[in-house]
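Working notes, structure below.
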Amino acid sequence: MKRKCLYLFMVFAVAAISCKKSSVAPVIEVIPVPVEVTEDPTYINVANSISVSPAMDGAKFEWSNSSKKAVDILVKYNQDGLRKEHAVKNNQEASGTFTLPISEMTNFTILVNNTAGKLAETRLIGIVPILKPEVKLTKIGWTASASSEVNDADNEFNGAENIVDDVNRISLSSPGVPSFWQSDYNAEPMYIYPHWLIVDMKTASRLTKVGLNAHVDPNQGFTNFILEGSVDGVKYTEIGAGSLAFNPAIKTEQIYPVVTTEAIRYVKITLRVGSPYPCLANFEAYSRK
């Protein structure tokens, strides 16, 4: 009986030991509470406040920043065939403005960032500048040359220089008509198309159009030409709208737009089709001054 009791005591003791709690604390997974970040709307407010208005030969940008918190403003656009940018860094003023020079309808991409560069608001704005009036350039000092001309004391004085004199100047060889240029029809064999004339304006200008006057005799004219321009008189690029029509029967000035905005010094007129006796009475160039 004693042995049985002893055995039972040992069993209870072992059971008691095995049921004792571990001294190591359990691992509890803690899920962090997400922190709600309030987005600073300053850059959005600045972007929405930006306005662009026409300026003389330019576009005027204005904006407001009532919070005076720092923002970066970047404007991207194309001008004269080149990609350009204008940046305002770390702007903290309550308002701001700047003007960019442009010469035609221009589209602007405007990006406003916080100064850390992490947030951006983009706007697209197009604007047409206020253009100065077109004026006819003064031809004092201008010279002209041609692929050929009739200009000698024993014949006629119809050299290339006659297209850059006054439009009403009378011809020395034909007193009843204004002065004019004529290709050398005395050559053997006669010169054939194309014929060309080059005007040196001495200084480069951003032309908007050119004007041409025909000789009074419509049978001594041409009907098709191209217009080219150059800065150095060596490399020429097209400045007219492709193949151009000319009517030798029209007595008034015929106008042709210049499609480039680059300043040019030399203008080349290449005659491609017309009478065997091509003539041109006058050349004018226009610019915005």
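The values are calculated or read from the model by the stated rules, or taken from the named source; none is laboratory data. The structure displayed is predicted, hence computed values, not measured ones. Using ideal geometry, Cβ is built from the backbone for each residue, glycine included, and neighbour counts are taken over all protein chains shown. The accessibility values were calculated without ligands, DNA or RNA, using every heavy atom of the protein model including side chains. Shrake-Rupley method; radii C 1.70, N 1.55, O 1.52, S 1.80 Å.
Remarks
- Structural descriptor for the range 89-154: relative contact order 25 percent, calculated from alpha carbon pairs under 8 angstrom and at least 6 residues apart.
- When +1 charges are put on Lys and Arg Cβ atoms and -1 charges on Asp and Glu Cβ atoms, the dipole computed for the range 77-215 relative to its Cα centre reaches about 1180 debye.
- Between Ala187 and Ser49, the contour length at 0.36 nm per residue exceeds the alpha carbon distance by 42.7 nm.
- Each label point was placed 7 Å from the Cα along the Cα-to-Cβ direction; for Thr122 and Ser95 their separation is 3.0 nm.
- Amide proton proximity set for Glu156, modelled H, under 5 Å, gap of 5+: Asn151
- If the chain linking Val259 and Lys235 were pulled fully straight, counting 0.36 nm for each residue of separation and taking away their Cα-Cα distance, it would gain 6.9 nm.
- The chain - percent of accessible surface contributed by carbon and sulfur, probe 1.4 Å: 57
- Heavy-atom accessible surface of Lys251, to the nearest 10 Å², is about 110 Å², with a 1.4 Å probe and all protein chains retained.
- With contacts taken as Cα pairs under 8 Å and at least 6 residues apart, the chain reaches a relative contact order of 16 percent.
- Entries in Lys202/Lys251; Lys136/Lys289; Lys89/Lys132; Lys209/Lys268; Lys76/Lys235; Lys60/Lys209 that, when Cα-Cα distance is taken, lie over 21 Å: Lys202/Lys251; Lys89/Lys132; Lys76/Lys235; Lys60/Lys209
- Solvent-accessible area per residue, Å², over the chain with all protein chains present [probe radius 1.4 Å]: 60
- Neighbour net charge for Leu100 - beta-carbon separation under 14 angstrom, K R +1, D E -1: -1
- C-alpha long axis of helix 2-18 to longest principal axis of the chain, angle in °: 20
- Adding -39500 (n - 2.57) for every DSSP H run of four residues or longer, then dividing by how many residues the chain holds, sets the calculated 222 nm ellipticity at -2500 deg cm²/dmol.
- The distance from the alpha carbon centre of the range 252-289 to that of the range 79-149 is 27 Å, rounded to a whole number.
- Distance in nm between pseudo-label sites at Arg272 and Ala249 (7 Å out along the Cβ direction from Cα): 2.3
- Solvent-accessible surface ranking, highest first, for Met56, Met190, Met201 at 1.4 angstrom: Met56, Met190, Met201
- Counted charge near Glu262, where neighbours are those whose Cβ lies closer than 11 Å (Asp, Glu -1; Lys, Arg +1): +1
- Measuring between their Cα centroids, the range 150-198 and the range 212-232 lie 13 Å from each other.
- Identified option (computed semi-axes √(5λ) of the Cα gyration tensor in Å; candidates (i) 26, 24, 20; (ii) 40, 29, 16; (iii) 87, 24, 13): (iii)
- Counting only aspartates and glutamates at least 8 places from Lys84 when in the same chain, those with an alpha carbon closer than 20 Å to its own are Asp57, Glu62, Asp72, Glu104, Glu121, Glu262.
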